[in-house]
Amino acid sequence: MNATKMSRQKRPRYPMPTFVRDALLERGLMEPYRRRPAYQQNDYIGWIARAKRKETQEKRLAQMLNELERGDKYMNMAYRAQPFAK
């Protein structure tokens with residue numbers, strides 16, 4: 001079996017909306033976003049995309065961007081990044 005097709009993730013995979021990609025690129029946060037575990041990336045995108053109101057999407061997007069910028073939070077919980085393997 002192909003290892004890239006095997007995943008233990010049970011949650012649906014959410015595609016990244018264009019406005020989220022644009023915000024990550026504009027703030028220079030795509031790399032910190034990509035360093036997060038896949039489940040965190042997916043959780044952030046799903047959480048933002050599931051918001052019904054545009055205002056809520058914007059608020060959640062701002063929280064994600066701030067957490068990525070600071071690097072010490074994940075969904076308002078303490079987060080300590082693992083050392084980046086080169």
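Worth a mention:
- If you go through the range 20-38 and keep only what is touching a residue at least 24 places away in the same chain (Cβ under 8 Å) and loosely packed, with under 14 Cβ neighbours inside 10 Å, you end up with just Ala38.
- Among the numbered conditions (1) surrounded by 17 or more Cβ atoms within 10 Å (Cβ to Cβ); (2) within 23 Å of Arg11 (Cα to Cα); (3) out of contact with any Lys or Arg (no Cβ under 7 Å at 6 or more places or on another chain); (4) among the aliphatic types (A, V, I, L, M), the only one that Leu65 does not meet is (3).
Throughout, read-outs are computed from the coordinates displayed, never taken from laboratory work. What you are looking at is a predicted structure, and each value in this text was computed from that prediction instead of being measured. As a convention, Cβ positions derive from the backbone with ideal geometry for all residues, glycine included, and neighbour counts pool all protein chains shown.
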